[in-house]
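Undergrad: Submitted below is the structure of interest, expressed as C-alpha cells.
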Amino acid sequence: MHEATAQTVLVVDDEANILEALQKVLTKEGLEVLTAGNGRQALEILRKQPVRVMITDLRMPGMTGDDLLKAVKAITPEVEVIVMTAYGTIENAVEAMKLGAYDFVSKPLKRASVISAVRKALDKQALVAENRELKAQLAAATTRSIVGNSQVMRATLEMARQAANSSATVLLLGESGTGKELLARYIHEHSPRVRKPFVATNCAALPESILESELFGHEKGSFTGAVRSRAGRFQEADGGSLFLDEIGEIPLQVQVKLLRALQEGEVEPVGGRTTSVDFRLVCATNRELVDEVKGGRFREDLYYRINVVPIRIPPLRDRLEDVPLLVDHFWRMYAVRHGKAIEGMSDEAVELMTCYGWPGNVRELENAIERAVVLSRGPVIQADDLPPELRDPQAGHGRQLTFSVGTPLEEVERRMIMETLKFTRGDKRLAADLLGIATRTIYRKLESGQIRDESYTPHRDKSPSGGQTVSTDETDPKGVIH
C-alpha cells in the first residue's frame, strides 16, 4: 500500500484529465497526492490511510460530491474538503460549505487558486492540530493523575477497575495523603456512570450542626435560617457517584439516615418527604472502622453495608519505586502552573526524595515539589531547594517538647497540636492521625482561637441555623494516589 505522509491530498473526480492535471500541480508543490475516480473509491482510501485535504468535484455519477462530503465529515471530520464547481454554479459551492466544506475553486481551474486553497486548508489543519496538542499537554501537566508502576499500585488499580464496572459500594482505606479522592474519581471515570456527576464531600470538614442538611438537603422553613429549600449531596449525585471522605467522622444519628439511603435508595431532606435517588457510593476513611464499631462510634450494620468492596491504598513508603515517576509528574505540573522554566531535578534531589519515608504520603511529596519549584533559582531543582526534613531525615521527627510539672493539660494539648501542625505543614488530617484525635477537633480549636495555624484561612459561610460555620475545601485537597 502507498505510504501517505503528513501532507497528503486526495483528489476525487470522474474525469481522468482533471485527476492527472491536479496530481502534477500538487506534486510539484511537494505534496503527496492520491486520486480517486468516484466517491466510493475515495471513502475506501480514507478508511485505510490518513489524508489531510480532499479536493472533490461536486457533479459526479453515482455518489455526488455533496454525498461524499457528508460521508467524509461523518467518518473523518478532521479532513478539510475543497470542492470544485463549474462557473456559474457558485450557489452549489455555498451549499457545500454549509455542509462542512472548507473552500471551493471554480472551473476552469487556475493553478494559483488551487494551490492557495490547499495551502490555506493545510495551514488551518496544522493550527488545529497544534492547538489540540498544546491543550492536551497543558491538561496533562496541570492535572493530577494516577502515576505509579509499582506492583502494589498496579494491584490496587486493577481492583479499582474491576469494582468500577459494578454498582457495589466501595470503601477506600489508607493513611491520610495517599489519594483516596483521586482513586474514587478513577472508579467513577471507569464506571458506566462516567457521564453523570461525581460529588465529593469531606465529612470531617462539615460541622455536625449542618452535616445532615448538607448530605440530605432541607426544605424551606424546616429550621431557623432555612430561607429556601436546598438539595443535598445525595440529590446532586443522582445518576452518578457520591464520594464521602472521612466517613468515620459521621455522627451516629446521621449514620441511621445514611444506612437507609443505601438500603432503600431514598433520602429524607430535613423537614421534607423521602425522595428516591440513584447513586453509587464510594467512601473513604483513614481510621480502622472495626475499632470504631467496637467502641460504639460507628454502626455495625452500616459498616457491613459500606464494606462491600474494600480497597486499601498503599502508603508511599511501601512503593518508593514510584517516587521518581511522581517527582517527574509534579515538577512538570507545577512548572506550568507557576510559570517557571524548570527542566528537571538533580540526581541528588531525586535520591533524597527516594530515600525519605514520607509520613504524609503523596500529599507531602506534592507539597515538597511545589515548594522546590517555587524556590528554585535555576532550571534544575537542586537538593537545597527541598524542605529541610528531606535533607536531614531526622529533622522534625526527633523533636521533643518539654513541659513543667503543673502545666495545665489544655496548654499541653494546645502546644502539641500546634507543633504537630507545623510538622505536617498544615495538614490537619495527618496531624489528627499522628495525635490520635478526630480531624474535627483540630478545626474546632482553630475556629475558637485556642490554636493557631498560619496555613489555615477559614472561609465562613452562613449555616442553615443562621450561625457561622467553616466551609473548607479539605476534601483531599492535594491527595494523590500515584
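Undergrad: If I ask for residues that are surrounded by fewer than 17 Cβ atoms within 10 Å (Cβ to Cβ) and closer than 11 Å to Leu215 by Cβ, which ones from the range 269-283 would you list?
TA: Answer for the range 269-283, where residues must be surrounded by fewer than 17 Cβ atoms within 10 Å (Cβ to Cβ) and closer than 11 Å to Leu215 by Cβ: there is none.
Undergrad: Name the residue, out of Asp66, Asp57, Asp103, that is acidic (Asp, Glu), in contact (Cβ under 8 Å) with a residue 24 or more places away in the chain and touching a strand residue (DSSP E or B) at 6+ places or on another chain (Cβ under 8 Å). Before the answer, list the steps.
TA: Values: Asp66 fails: touching a strand residue (DSSP E or B) at 6+ places or on another chain (Cβ under 8 Å); Asp103 fails: in contact (Cβ under 8 Å) with a residue 24 or more places away in the chain.
When all the criteria are applied, what remains is Asp57.
Undergrad: While we're on this one: What do you reckon, is Arg59 of a type in the set (Lys, Arg) and part of a loop (DSSP other than H, G, I, E, B)? Write out each step before concluding.
TA: On the way: of a type in the set (Lys, Arg): yes; part of a loop (DSSP other than H, G, I, E, B): yes.
For Arg59, the condition - of a type in the set (Lys, Arg) and part of a loop (DSSP other than H, G, I, E, B) - is met.
Undergrad: I'd like the full set of residues that are touching an Asp or Glu at 6+ places or on another chain (Cβ under 9 Å) and surrounded by 19 or more Cβ atoms within 10 Å (Cβ to Cβ), limited to the range 103-120.
TA: Selection gives Asp103, Ala117, Val118.
Undergrad: Find all pairs meeting these conditions: Cβ atoms under 6 angstrom apart; at least six residues apart or on different chains; first residue within the range 24-35 and more than 9 Å from Val9 (Cβ to Cβ); second residue of a type in the set (Lys, Arg).
TA: Within 6 Å, the pairs are Val25/Arg111.
Undergrad: Can you go through Arg193, Arg154, Arg144, Arg161 and tell me which one is of a type in the set (D, E, K, R) and at pLDDT below 85? Break it down into steps so the answer makes sense when it comes.
TA: Details: Arg193 fails: at pLDDT below 85; Arg154 fails: at pLDDT below 85; Arg161 fails: at pLDDT below 85.
Sole residue among the options that is of a type in the set (D, E, K, R) and at pLDDT below 85: Arg144.
Undergrad: Would you mind stating whether Arg47 is outside any loop (DSSP other than H, G, I, E, B) and either free of Cβ contacts under 8 Å to residues at least 60 places away in the same chain or surrounded by 14 or more Cβ atoms within 10 Å (Cβ to Cβ) (or both)? Explain how you work it out, then say what you get.
TA: Numbers: outside any loop (DSSP other than H, G, I, E, B): yes; either free of Cβ contacts under 8 Å to residues at least 60 places away in the same chain or surrounded by 14 or more Cβ atoms within 10 Å (Cβ to Cβ) (or both): yes.
Considered against the rule, which asks whether it is outside any loop (DSSP other than H, G, I, E, B) and either free of Cβ contacts under 8 Å to residues at least 60 places away in the same chain or surrounded by 14 or more Cβ atoms within 10 Å (Cβ to Cβ) (or both), Arg47 comes out as yes.
Undergrad: Also, quick follow-up: Being farther than 18 Å from Ser213 by Cβ and either touching a strand residue (DSSP E or B) at 6+ places or on another chain (Cβ under 8 Å) or touching a residue at least 60 places away in the same chain (Cβ under 8 Å) (or both): is that true of Leu262 here?
TA: Details: farther than 18 Å from Ser213 by Cβ: yes; either touching a strand residue (DSSP E or B) at 6+ places or on another chain (Cβ under 8 Å) or touching a residue at least 60 places away in the same chain (Cβ under 8 Å) (or both): yes.
It is true that Leu262 is farther than 18 Å from Ser213 by Cβ and either touching a strand residue (DSSP E or B) at 6+ places or on another chain (Cβ under 8 Å) or touching a residue at least 60 places away in the same chain (Cβ under 8 Å) (or both).
Undergrad: Just checking, which of Val170, Val254 is farther than 23 Å from Ile313 by Cβ and at pLDDT 90 or above? Reasoning before the result, please.
TA: Values: Val170 fails: farther than 23 Å from Ile313 by Cβ.
From the options Val170, Val254, the qualifying one is Val254.
Undergrad: Would you check if there is a residue in the range 67-77 being part of a loop (DSSP other than H, G, I, E, B) and surrounded by 17 or more Cβ atoms within 10 Å (Cβ to Cβ)? It would help to see each step written out before you state the result.
TA: Kept after step one, since they are part of a loop (DSSP other than H, G, I, E, B), are these residues of the range 67-77: 76-77.
Filter again for surrounded by 17 or more Cβ atoms within 10 Å (Cβ to Cβ), leaving none.
No, the range 67-77 contains no residue that is part of a loop (DSSP other than H, G, I, E, B) and surrounded by 17 or more Cβ atoms within 10 Å (Cβ to Cβ).
Undergrad: Give the residue, chosen from Ser229, Ser276, that is among the hydroxyl-bearing types (Ser, Thr, Tyr) and in contact (Cβ under 8 Å) with a residue 12 or more places away in the chain. Full working, then the answer.
TA: Numbers: Ser276 fails: in contact (Cβ under 8 Å) with a residue 12 or more places away in the chain.
Just one listed residue meets the conditions, Ser229.
Undergrad: Condition test on Thr27, is it touching a strand residue (DSSP E or B) at 6+ places or on another chain (Cβ under 9 Å), outside any helix (DSSP H, G or I) and among the polar types (S, T, N, Q)?
TA: Numbers: touching a strand residue (DSSP E or B) at 6+ places or on another chain (Cβ under 9 Å): yes; outside any helix (DSSP H, G or I): no; among the polar types (S, T, N, Q): yes.
No, not satisfied.
Undergrad: Write out, first by first residue and then by second, each pair whose Cβ atoms fall under 7 Å of each other, whose residues are 6+ apart or on separate chains, and whose first residue, in the range 368-385, is at positive phi while the second is surrounded by 15 or more Cβ atoms within 10 Å (Cβ to Cβ) and part of a helix (DSSP H, G or I).
TA: Once the first residue is at positive phi and sits in the range 368-385, no partner that is surrounded by 15 or more Cβ atoms within 10 Å (Cβ to Cβ) and part of a helix (DSSP H, G or I) comes close enough.
Undergrad: Another one. Is it fair to say Gly248 is in contact (Cβ under 8 Å) with a residue 24 or more places away in the chain and not β-branched (Val, Ile, Thr)?
TA: Details: in contact (Cβ under 8 Å) with a residue 24 or more places away in the chain: yes; not β-branched (Val, Ile, Thr): yes.
Answer is yes for this residue.
Undergrad: Moving to a separate point now. For the range 347-384, how many residues are in a helix (DSSP H, G or I), at pLDDT 90 or above, more than 27 Å from the chain's Cα centre (by Cα) and surrounded by fewer than 18 Cβ atoms within 10 Å (Cβ to Cβ)?
TA: 4
Undergrad: Quick test of your reading of the structure: Thr85 fulfils all but one of (1) modelled with pLDDT of 90 or more; (2) surrounded by 20 or more Cβ atoms within 10 Å (Cβ to Cβ); (3) not charged (D, E, K, R). Name the failing condition by number.
TA: Going through the list (1) modelled with pLDDT of 90 or more; (2) surrounded by 20 or more Cβ atoms within 10 Å (Cβ to Cβ); (3) not charged (D, E, K, R), Thr85 breaks only (1).
The values are calculated or read from the model by the stated rules, or taken from the named source; none is laboratory data. Please read these numbers as outputs of a predicted model, since none were measured by experiment. Glycine gets a Cβ as well: all are built from the backbone with ideal geometry, and neighbour counts include every protein chain shown.
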